[in-house]
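The values are calculated or read from the model by the stated rules, or taken from the named source; none is laboratory data. What you see is a predicted model; the values in this text were computed from it and never measured. Reconstructed Cβ throughout: ideal geometry from the backbone, glycine too, with neighbour counts over all protein chains shown. Areas reflect the complete protein model, heavy atoms only, side chains present, ligands, DNA and RNA absent. Shrake-Rupley method; radii C 1.70, N 1.55, O 1.52, S 1.80 Å.
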Amino acid sequence: METKTAYQSLLTPFQIKGVELKNRVVFLPHEMYFGSEYHLPTKKQRYYYEERAKGGVGLIVVPSLGVHPTGFYSCQVAAKKESIPGLKEITDVVHSYGTKIFAQLSHYGNQTKSVETLQATWAPSAIPDMTVREIPKEMTIDEIHTLVKAFEEAAKLLLEANFDGFEIKVAHDGILRQFLSPATNVRNDEYGGTLQKRARIVIEVLQEIRKNIGDKPLGIRLCIDEFIPKGYSLNDGIEYAKLVNPYVDYINSDYGNWESMDKTIASLNYEQGLHLKSIAQIKKAVDVPVIASGRIIHPEMAEKVLLDGVGDLVGMARELIAEPYWVKKIEAGDAEEIVECIGCNQKCIGRLLQNRAISCVVNPAAGFEEEFSREKLFSKSSTLKKVVVVGGGPAGMKAAEIAARKGHQVVLFEQNNELGGRVNLESSLPHKEEMAGTARYLKYALKKLKVDVRLNKLATEADILTEKPDITIIATGAQITNSEGTYSVEDVINNKVKGETILVMDFDANIEGTGAVEYLANQGKTVHWATPVFFNGQDNEVSTVLLPIYNRLGKKKVILHPMSVMINFENGRATLLNPYFNTTSTIEGIEAIVMAGMKVANNSLYNQLRNKLQNVYVIGDAAAPRNTGAALADAMSLSVQLN
């Protein structure tokens, strides 16, 4: 167990223009899709931010408050009079924990749609964002002046909500970054044509806001490298940082845009801290504080960022979604108890890009803090009971942790020689090693809580009855139901698949199926990847997880067969049916077939016990085969039965 002094720099207070932060940890601005359809804040946001403030973070930045109707996005909160009461509730509750809170101002520009704005969207030039594909209206000079004024008036209005500071968004989305980019700004007037002219509107916005906010801090979330053809590079980003330096009190680092989202919200396909070398160059070029970010997960890296002078503060979004109590656990000297973001992006950006409210695979309480805050989830039970859990996968381990934290006596049976279940399989696939973090945390928690874990024990009905449990939780996972003569994903990682030309029939379209294809391709095999869905691997988060996989597979011997189901296999010939086109095709020379996603619930023990004991529950894949996120959410939802 580390001591508090192990991360002394992180826990040291820091001032931004007279506003003292109690530590160097910043909860970065990120859209959650929690706002109302009328662009108003909601109590869901209030509980969300309260949990991170309660967890000890020094600064929270509320994201993308819309300054003008031409740039609104669905469920974005707008900087308008009607928003003030709800925003003040958020700032009040955050302040009650000693945390400071800033407001970020934005306009989406060509990254929204007219179906949201009910008018043509504004942009520097009539060039669409390629992920949105709607041609915007090129702004007139008068409209640019209107936009600058809108930023000014928004900041003035938001003073009523008691924010401690302000930030403008010139980042991965937003019209101000679109003005900076030669890819989206091809104007030849005073707002385009040179780097300095492209930055003019940004400086004007900063100057106008400063006139109205007095001595409050004013910062910028600055994209330092777009990572796109014809966009601006790190060298340009450094020049932009120098240009805005006299007008800001800090720079909040950002990178990429929606066309390079895999760099903006980098997944487990990329190393942790991938942007730190670039951020260090920004830090050297300016004399204002810099917030460093980019897959910073562990406190060791965060502390090193500060000690090495890469940044003055450390910004995190996904890690604090996964672990709201990151700071408190460091303060307690128990960094091992930190739940780590595994970079899967499935329920955060994956849901956001589907216009759905975000959550988190490893922290299913994210977005549901009103019902499942840490205080409520782990509240002590008034009556201590004996809880028996069968199955040591993610659902069983999480249920055991919750029961133990509530004060119950917990016994956990696991038939294998280690805990982890499906997590052990998934983390053995290429570039999925970080997924093991889910099991690492839960193993640590169960050991710390002194849960009676019994490995190598296939629990029977008699075993459970002998324990005389008050509550029984069946989390025995799922069984593979592959056709005879085919291989499973587990066979793939155990190198049991022989032959050089393989057909993967992928009903999973997610981590397991995609991972099996890449595992085999890495062995130099020719892999035919068939799947019934519209494009291969489509249930992975596409922009940040799947596209980097495609990039790697494009260099391998992989042939895609989307919208296809194998209906016959004989003498090395596989027949595929496209059920949408009602056509068939054949593949010759197949030496082995791997099936992914063919599972049924392993619920026989549940069926044996449910009429012989009271309070018998089934969760995870034993209830219905799904994924790790669903397994952990099942365990969380069961917590109400454990009080």
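How far apart, in nm, are two points set 7 Å out from the Cα along the Cα-to-Cβ line at LYS468 and at LEU159?
7.1 nm
What percent do you get for the relative contact order of the range 104-201 when only Cα pairs under 8 Å and 6+ apart count?
Value for the range 104-201: 31 percent.
How many percent of all Cα-Cα pairs in the range 91-165 sit more than 22 Å apart? The partial results should precede the final answer.
Working: 1156 of 2775 pairs.
Cα-Cα pairs in the range 91-165 separated by more than 22 Å: 42 percent.
For the pair ASN494/GLN641, report the inter-label distance in nm, with labels modelled 7 Å from Cα in the Cβ direction.
Simple spin-label model gives 3.2 nm for this pair.
Kirkwood hydrodynamic radius, the range 410-567, all distinct C-alpha pairs: what's the number in Å?
With all distinct Cα pairs of the range 410-567 included, I get 17.8 Å.
On a 0 to 90° scale, report how tilted helix 234-244 is relative to the longest principal axis of the chain, with both axes built from alpha carbons and the result rounded to the nearest 10.
With both axes taken from Cα atoms, the answer is about 50 degrees.
Which percent of Cα pairs goes in each bin when the distances of the range 36-146 are cut into 5 angstrom slices starting at zero?
For the range 36-146, the binned pair fractions read 2, 13, 19, 19, 15, 12, 10, 8, 3, 0 percent.
Calculate, for LYS376 and ASP92, the FRET efficiency according to 1/(1 + (r/R0)^6) with r their C-beta to C-beta distance and R0 22 Å; round to the nearest 0.05.
So, using R0 = 22 Å, E works out to roughly 0.60.
Treating the beta-carbon of each Lys and Arg as +1 and of each Asp and Glu as -1, no other charges, what is the dipole magnitude of the range 525-620 about its Cα centre, to the nearest 20 debye?
280 debye
Got a number for carbon plus sulfur as a percent of the chain's accessible area, 1.4 Å probe?
Result for the chain: 50 percent of the exposed heavy-atom area is carbon or sulfur.
Between (1) 39.7; (2) 29.7; (3) 32.9, which entry matches mean projected area of the Cα convex hull in nm² as derived from the coordinates of this structure?
Computed from these coordinates, mean projected area of the Cα convex hull in nm² corresponds to label (2).
Given the pairs LYS17/LYS43; LYS88/LYS149; LYS44/LYS347; LYS304/LYS376; LYS22/LYS304; LYS44/LYS304, which are separated by over 25 angstrom at their Cα positions?
Table pairs above 25 Å Cα-Cα are LYS17/LYS43; LYS304/LYS376; LYS44/LYS304.
Which aspartates and glutamates have a Cα lying under 17 Å from the Cα of LYS468, excluding residues fewer than 8 positions away in the same chain?
Correct list for LYS468: ASP452.
Counting Lys and Arg as +1 and Asp and Glu as -1, what is the net charge of the other residues whose Cβ lies under 13 Å from the Cβ of GLN76?
Working: positive: LYS80, LYS113, LYS169; negative: GLU31, GLU37, GLU116, ASP173.
Value of the local net charge: -1.
Just to verify a number: FRET efficiency for THR140 and ALA335, C-beta to C-beta distance, R0 = 56 Å, to 0.05?
Plugging the Cβ-Cβ distance into 1/(1 + (r/R0)^6) gives 0.55.
Determine the shape class of the range 232-276: with a ≥ b ≥ c the square roots of the Cα gyration tensor eigenvalues, call it rounded for a/c under 1.5, and otherwise prolate if a/b is greater than b/c, oblate otherwise.
Values: a/c = 2.59, a/b = 2.02, b/c = 1.28.
Since a/c reaches 1.5 and a/b is larger than b/c, the shape of the range 232-276 is classed as prolate.
Take the eigenvalues of the Cα gyration tensor for the range 1-93, scale each by 5, and report the square roots as semi-axes in whole Å, largest first. Please report the intermediate quantities before stating the final value.
Details: eigenvalues 184, 38, 27 Å².
The equivalent ellipsoid of the range 1-93 has semi-axes of 30, 14, 12 Å.
From the alpha carbon gyration tensor of the range 128-204, can you work out the equivalent ellipsoid semi-axes (sqrt of 5 times each eigenvalue) and give them in Å, largest to smallest?
Value: 24, 15, 12 Å, ordered largest first.
For Cα pairs less than 8 Å apart in space and 6+ apart in sequence, what is the mean separation divided by the residue count of the chain, i.e. the relative contact order in percent?
Once normalised by length, the contact order is 11 percent.
Just for the Cα atoms in the range 310-379, what are the lengths along the principal axes, largest first, rounded to whole Å?
39, 38, 18
What is the percent of Cα-Cα separations in the range 527-643 that go past 19 Å?
Details: 4336 of 6786 pairs.
For the range 527-643, the fraction of Cα-Cα distances above 19 Å is 64 percent.
Can you tally the net charge around VAL565? Count Lys and Arg as +1, Asp and Glu as -1, for every other residue whose Cβ sits under 15 Å from the Cβ of VAL565.
For residues surrounding VAL565, the net value is -2.
Where nothing but the Cβ of Lys and Arg (+1) and of Asp and Glu (-1) is charged, how large is the charge dipole of the chain around its Cα centre, in debye to the nearest 20?
Numbers: 72 positive and 77 negative charges, 172 e Å.
Dipole size: approximately 820 debye.
Using a 10 Å cut-off on Cβ atoms, rank the peptides 375-383, 130-138, 474-482, 146-154 from the highest mean neighbour count down.
In decreasing order of mean packing, 375-383, 130-138, 474-482, 146-154 become 474-482, 146-154, 130-138, 375-383.
Projecting each Cα onto the charge dipole of the chain (Lys/Arg +1, Asp/Glu -1 at the beta carbon, about the Cα centre), which of ILE619, SER260, PHE378 comes out farthest on the positive side?
Of the options given, the answer is PHE378.
Based on a Kirkwood Rh over C-alpha pairs, give the Stokes-Einstein translational diffusion coefficient of the range 73-135 at 10 °C and viscosity 1.306 mPa s in µm²/s.
Translational D for this selection: 113 µm²/s.
Taking only protein heavy atoms and a 1.4 Å probe, what accessible area per residue, in Å², does the chain have with all protein chains in place?
38 Å²
Round to the nearest 10 and give me the degree value, 0 to 90, for the angle of helix 628-638's Cα axis relative to the longest principal axis of the chain.
For 628-638 against the chain, the angle is about 90 degrees.
Given R₀ = 60 Å, FRET efficiency for THR575-TYR38 by Cβ-Cβ distance, to 0.05?
After rounding to 0.05, the efficiency reads 0.65.
Give the peptides 420-426, 186-192, 281-287, 511-517 in descending order of average Cβ contacts within 10 Å, highest first.
Per-residue Cβ counts within 10 Å, averaged per peptide and sorted highest first, yield 511-517, 420-426, 281-287, 186-192.
List the extent of the Cα atoms of the range 236-342 along each of their three principal axes, largest first, rounded to whole Å.
Sorted from largest, the Cα extents of the range 236-342 read 42, 31, 20 Å.
In debye to the nearest 20, how big a dipole does the range 1-150 give about its Cα centre with +1 on each Lys and Arg Cβ and -1 on each Asp and Glu Cβ?
Numbers: 17 positive and 15 negative charges, 104 e Å.
Result for the range 1-150 is approximately 500 debye, rounded to the nearest 20.
Using the Cβ atoms and a cut-off under 9 Å, what net charge is assigned to the surroundings of GLY231, where Lys and Arg are +1 and Asp and Glu are -1?
-3
Using only the alpha-carbon atoms, how far is helix 511-522 inclined from the longest principal axis of the chain? Give it as 0 to 90 degrees, nearest 10.
Result, in degrees: 90.
What do you get for Rg/Rh over the range 364-404 if you use C-alpha atoms and the Kirkwood form of Rh?
1.01
Please state the Cα pair-distance histogram of the range 133-278 with 5 angstrom bins from zero: what percent is in each bin?
2, 9, 19, 21, 19, 15, 10, 4, 1
What is the packing order of peptides 570-583, 79-92, 384-397, taking the mean over residues of other C-beta atoms within 10 Å and listing the highest first?
384-397, 79-92, 570-583
Quick one: divide the alpha-carbon radius of gyration of the range 366-490 by 2.2 N^0.38 Å and tell me what you get. Don't skip to the answer; put the middle values down first.
Details: Rg = 16.1 Å, N = 125, 2.2 N^0.38 = 13.8 Å.
Its radius of gyration relative to the 2.2 N^0.38 Å reference: 1.17.
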